[in-house]
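These notes concern the structure reproduced below.
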Amino acid sequence: MSKIELPKAYDASQIEDDIYRIWEESGFFNPDNLRGAKIPFTISMPPPNATGVLHTGHATMLAIQDLMTRYHRMKGDKTLWLPGTDHASIATQTKVEKIIAQEGLTRHQLGREKFLARVDEFVSDSRNTIKNQIRKMGSSCDWSRERFTLDAGLNSAVIVAFEKMYNDGLIYRGDRVVNWCPRCKSTLADDEVEYKEQQAKFYTFKYNKDFPFAISTTRPETKLGDSAVAVNPKDERYKKYIGQEFEVDFVGVPLKIKIIADHNVDMEFGTGALGVTPAHSQIDYQMAGANNLPIIKVINKDGRIEDGLRQYSGKTVEEARELVVSELKTRGLLEKEEDISNNLSICYRCGFAIEPLPSLQWFVAVDKPFKLKDKKKLNWEKDEATLKELAIHAVKNNLIKIVPARFEKIYFHWLENLHDWCISRQIWYGHQIPVWYKDEDIYVGQLAPKGNSWVQDEDTLDTWFSSALWTFSTLGWPENTDDLKTFHPTSVMETGYDILFFWVARMIIMSVYCLNDIPFETVYLHGLVRDEKGVKMSKSLDNSIDPLDMIKKYGTDALRLSMLIGVTPGNDFKLYDEKIAGYRNFINKIWNISRYILTSVEDIRLVEKLPQANTLADKWITDELFSTITVINNSLENYNFSAAGDALQEFTWNKFADWYLEIAKIEKDKDEILLYILQNLLKLWHPFCPFITENIWQNLKSEKLLIVSKWPDHKKSNLIFKFSKNDTVVNFQLIQNIITALRNLRGENKIEPAKLAQAIIISKNQKTLISSQSEIIKKLARLSQLEFLSKGDKPKNSASALVGEAEIYLDLTGIIDTVAEKERITREITEVEKYLKSLAGKLANDEFVNNAPEEIVKAEKEKLSVQKSKLEKLQNQLNNLK
RNA sequence: GCACGCUUAGCUCAGUUGGUUAGAGCAUCUCGUUUACACCGAGAGGGUCGGGGGUUCGAAUCCCUCAGCGUGCACCA
């Protein structure tokens, strides 16, 4: 006898770190060490913020990506999952600013160089935290290829990309109204602006007494910078004023107001006349350009009123608003003050109100054509293309597939409406813009030309500019490295749908530009994690589940299962303690299944070849295993991770553990087949819950680690027994149903479990089959005696059940309750009659019979006859009861 | 305003191209013979698939419409 000891309950916390160390030391995370692997499979890990801590979003992405990675590695692919971290310019800089604020310092006091040194120090300390947390999730990523968006290689990729775009005219510097966050003290891209509905006051007033009509606004303080009033050219009320100019004294500030026509003005809204503030509205700025209007700045970069605007200067916008309104009241100019709800623009990082401000910034032109070097990879016909066109083309022509597909529509809509991308940020931490100025000259490149008086642009690039290069910059681009040739385009980009625009779209844009190739073949988008009430988890709401707490409490494997099963692509899902606890229970079930097998077989060993199936149960379970493997493979190939996990769980618990293991205790001598199934189960589960499976695998005396063992790819044709699939499965299911029926009868009739009962089974057609399974039926239904007949009446003092055409009679001598039994049969008769009626109705319908496919009709007829004979038998039983 | 998603058992969710009497887990109820597992086992109850209409022989599934919830985009003078 093999004598190994295994604890009763699986304790993840004792095992996981050791297992991870074994994997990491094995070198198998690195595709170079996967012998014989040819077909590349690559995932670029979306880089978490270098200073972040693991949250449920990370945990979700790591679970899904590791699942795919492990599956492909076991399938024998040259599998690379490349990890890294993002410098997250604004977020990181803000954190360090808070830290030095405790020392009473600002970044300006420290100066750029010293401040950046502090940031680097902070980042290098905190980067290890997130990296170790990624390990905690079991992530089998190749740490030897780990990258950071600010490391030397990526820095040079950023500069080369910038230079190339500049030379192609796709990057330009322009003065225009941009989104400004006065808190972050930086510009934001259009999609980094969020909107919050709020109650606001809507003021209607005249600039002064002499002005011929009123305008309306929610922001009276910005009116200090008005240089025009726009009206709809069709508006009869104002037509006559178009072209006129008015000099007004607006609450103490002199303004020149020209009346202009613009058909974007909504005649119904407010007074139908719109005060044009060129400096603080993108639309107004455009109107100003079209009408040659002066641009008067009112709000500065601190969110305060500019100098030279009387008593308003230096005030915050809120203060200035109150002052302007009260002055308007004093002057008797305020006509109306209404409550309306409107959207406040806020910064997506800090939530502070955005101010549109005119500013000189760098932009990426998305609508400007450039020449493609290589048209083949993208299957593009013309010599030229715009970034927008190519990014749309790649998805529209299925070069890139998005899962779930509905996000393709959202992607197109976003791209079609995309404006030039503002890429300069007034942040210190990040890639400093590789542009040098000397008087009127501009030089673009990493290092300034010789001579001392060149000054580098102070700004840095949008953090998404560098992460947009992520799939190829991490593989060595701009050098044409072996890694780049082997692993790019990557296979799957797995990320949350919330960064489809921020990141996924921009990666496509930069890849089609820099490489004239797609960055990835498939985009898999997962949903967001919500709490049990369906609220998005966030630090500020304090409703977050900390994945590390859950790992401590239930183990990584359980946490992973709770994020992989019952979760569908693109849909949000709820995560809560009980759910994870449930999967912990399941992990323990796997443990105990293994424990039973390993402690009961004679000789623990790997059984690679399918053993001979000797009994009906053997054939059934083998067949079920094969079917399950087929379902799993299909599901995994189609990104239905949940379906794969479901099928595997169903097989493991409800079929293998609940039925087959119990039968194995009765039929005996099943070492080979048990080891064979166990081995396959461990392989199949490994991508889902890698720790426990690798841990159990260590007992199997394999030379290989489970992580690189061969994935089960059994074809049905490999089954070595002769029955057709249906025979086997159906035959065994009949036995299962008989056992269940007997247990049910015992329960209904209150026969204590300890008591062995007696039963008779009458079956005309399947007596041989059923009687061949007599031992199993007796043991599992707790019978002392079981008799088989091919015909006969209902025995006296018995409770009855029908399983197919088989009649099951459980002896109730001494305890029969005739009335109850009568009621039960009558109830069943009613049900069968109801069902029969609907079947008969269906079949009496010529339209159904003529139109439905033959096999459907045949199946219905079959059902009808089965139910008819069932009804007959039930009626006989009822009669015999008297 | 435009678009997308969701609404299936008390709760959390599956349900592939329309075709068994709609499934699972948790929870509930009844009950514990059996050392793999009480983080377990056996059995049971529980759904007019959000409402209405339509297409079809046949609809949870396709179409229209309404409602509730959520999200994105736009507007936001």
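The values are calculated or read from the model by the stated rules, or taken from the named source; none is laboratory data. All values reported here derive from a predicted model rather than from experimental measurement. Counting neighbours? That spans all protein chains shown, and the Cβs are built from the backbone with ideal geometry, glycine included. Keep in mind that these areas ignore ligands, DNA and RNA; they rest on the heavy atoms of the full protein, side chains included. Shrake-Rupley method; radii C 1.70, N 1.55, O 1.52, S 1.80 Å.
Given the residues A:Ala613, A:Ala647, which is the only one that is in contact with a Ser or Thr (Cβ under 6 Å, 6 or more places away or on another chain) and closer than 30 Å to A:Thr522 by Cα?
One residue alone meets the criteria, A:Ala647.
Starting from residues that are touching a residue at least 24 places away in the same chain (Cβ under 8 Å) and over 29 Å from the mean Cα position of the chain (by Cα), keep the ones in region A:23-45 and report whichever is nearest to A:Lys553 (Cα to Cα).
Result: A:Ser26.
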Query raised in the report: Only one of (1) surrounded by fewer than 14 Cβ atoms within 10 Å (Cβ to Cβ); (2) within 21 Å of A:Pro182 (Cβ to Cβ); (3) among the β-branched types (Val, Ile, Thr) is not met by A:Thr330, so which one is it?
Result: (2)
**Report entry** Residue ID - nearest to A:Arg425 (Cα to Cα), chosen from residues in region A:286-312 that are over 46 Å from the mean Cα position of the chain (by Cα) and in a helix (DSSP H, G or I)
**Finding:** A:Tyr312
Requested in this report: Would you check if A:Ile43 is within 15 Å of RNA strand B (Cβ to nearest atom), touching a helix residue (DSSP H, G or I) at 6+ places or on another chain (Cβ under 7 Å), open to solvent by less than 50 Å² (accessible area, probe 1.4 Å) and not in a loop (DSSP other than H, G, I, E, B)?
Outcome: no
Requested in this report: Could you check region A:723-799 for helices (runs of 4 or more DSSP H) lying wholly inside it with 3 or more residues that are open to solvent by less than 50 Å² (accessible area, probe 1.4 Å) and in contact with a helix residue (DSSP H, G or I) (Cβ under 8 Å, 6 or more places away or on another chain)?
Outcome: A:725-748, A:774-780
Report summary line: Scanning region A:849-874 residue by residue, those near RNA strand B (Cβ under 7 Å from one of its atoms), open to solvent by less than 40 Å² (accessible area, probe 1.4 Å) and of a type in the set (A, V, I, L, M, F, W, C) turn out to be A:Ala852
Query raised in the report: If you check every pair at least six apart or on different chains, which have Cβ atoms under 7 Å apart with a residue in region A:574-598 that is more than 30 Å from A:Glu672 (Cβ to Cβ) first and a residue that is surrounded by fewer than 16 Cβ atoms within 10 Å (Cβ to Cβ) second?
Result: A:Lys574/A:Glu532; A:Lys574/A:Gly534; A:Tyr576/A:Glu532
**Report entry** Matching residues, region A:663-720, being within 22 Å of A:Leu6 (Cβ to Cβ), open to solvent by 10 Å² or more (accessible area, probe 1.4 Å) and of a type in the set (S, T, N, Q)
**Finding:** A:Asn695, A:Gln698, A:Asn699, A:Ser702
Requested in this report: Write out, first by first residue and then by second, each pair whose Cβ atoms fall under 9 Å of each other, whose residues are 6+ apart or on separate chains, and whose first residue, in region A:546-571, is touching a residue at least 60 places away in the same chain (Cβ under 8 Å) and within 8 Å of RNA strand B (Cβ to nearest atom) while the second is open to solvent by 50 Å² or more (accessible area, probe 1.4 Å) and not in a helix (DSSP H, G or I).
Outcome: A:Thr568/A:Asn640
Report task. Give A:Gly570, A:Gly566 a once-over and let me know the one that is in contact with a Ser or Thr (Cβ under 8 Å, 6 or more places away or on another chain) and part of a loop (DSSP other than H, G, I, E, B). Result -> A:Gly566
Report summary line: Sole miss for A:Asp235 among (1) buried (at least 20 other Cβ atoms within 10 Å of the Cβ); (2) free of Cβ contacts under 8 Å to residues at least 60 places away in the same chain; (3) within 11 Å of RNA strand B (Cβ to nearest atom) is condition (1)
**Report entry** Residue within region A:383-395 that is over 23 Å from A:Leu415 (Cα atoms), away from RNA strand B (no atom under 16 Å from the Cβ) and open to solvent by 50 Å² or more (accessible area, probe 1.4 Å) present
**Finding:** no
Report summary line: Checked region A:184-201 for anything open to solvent by less than 20 Å² (accessible area, probe 1.4 Å) and of a type outside the set (S, T, N, Q); matches are A:Cys184, A:Leu188, A:Ala189, A:Glu192, A:Val193, A:Ala200
Report task. Collect the residues in region A:210-231 that are farther than 27 Å from A:Glu355 by Cβ and either open to solvent by less than 60 Å² (accessible area, probe 1.4 Å) or touching a Pro at 6+ places or on another chain (Cβ under 7 Å) (or both), keeping them in residue-number order. Result -> A:Pro212, A:Phe213
Report task. State whether one or more residues within region A:653-663 are outside any helix (DSSP H, G or I), of a type in the set (Phe, Trp, Tyr) and in contact with a Phe, Trp or Tyr (Cβ under 9 Å, 6 or more places away or on another chain). Result -> no
Query - Matching option when the condition is touching a residue at least 60 places away in the same chain (Cβ under 8 Å) and more than 10 Å from RNA strand B (Cβ to nearest atom), among A:Ile677, A:Ile666 - result: A:Ile666
Query raised in the report: Which condition number in (1) exposed (fewer than 14 other Cβ atoms within 10 Å of the Cβ); (2) assigned to a loop (DSSP other than H, G, I, E, B); (3) not aromatic (Phe, Trp, Tyr) is the one that A:Lys409 fails?
Result: (2)
Report summary line: Those residues of region A:85-104 that are surrounded by 21 or more Cβ atoms within 10 Å (Cβ to Cβ) and at positive phi come to a total of 1
Report summary line: Checked pairs for region A:822-841, first within 19 Å of A:Asn880 (Cβ to Cβ), second open to solvent by 70 Å² or more (accessible area, probe 1.4 Å), C-beta under 8 Å and 6 or more apart or across chains, list as A:Arg824/A:Glu748; A:Ile829/A:Gln875
Query - Which numbered condition A:Asn33 misses (of (1) open to solvent by 10 Å² or more (accessible area, probe 1.4 Å); (2) within 20 Å of A:Lys131 (Cα to Cα)) - result: (2)
Query raised in the report: Which of the following residues is away from RNA strand B (no atom under 16 Å from the Cβ), free of Cβ contacts under 8 Å to residues at least 40 places away in the same chain and open to solvent by 10 Å² or more (accessible area, probe 1.4 Å): A:Glu318, A:Glu306?
Result: A:Glu306
Query raised in the report: If a residue has to be near RNA strand B (Cβ under 10 Å from one of its atoms) and farther than 21 Å from A:Gly804 by Cα to count, how many in region A:739-764 make the cut?
Result: 7
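Could you list, in sequence order, all residues of region A:333-368 that are within 30 Å of A:Lys164 (Cβ to Cβ), at pLDDT 90 or above and either acidic (Asp, Glu) or open to solvent by 70 Å² or more (accessible area, probe 1.4 Å) (or both)?
Within region A:333-368, A:Leu360, A:Asp367, A:Lys368 meet the criteria.
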Query raised in the report: Scanning for something open to solvent by 50 Å² or more (accessible area, probe 1.4 Å) and among the aromatic types (Phe, Trp, Tyr), does region A:105-127 turn up at least one residue?
Result: yes
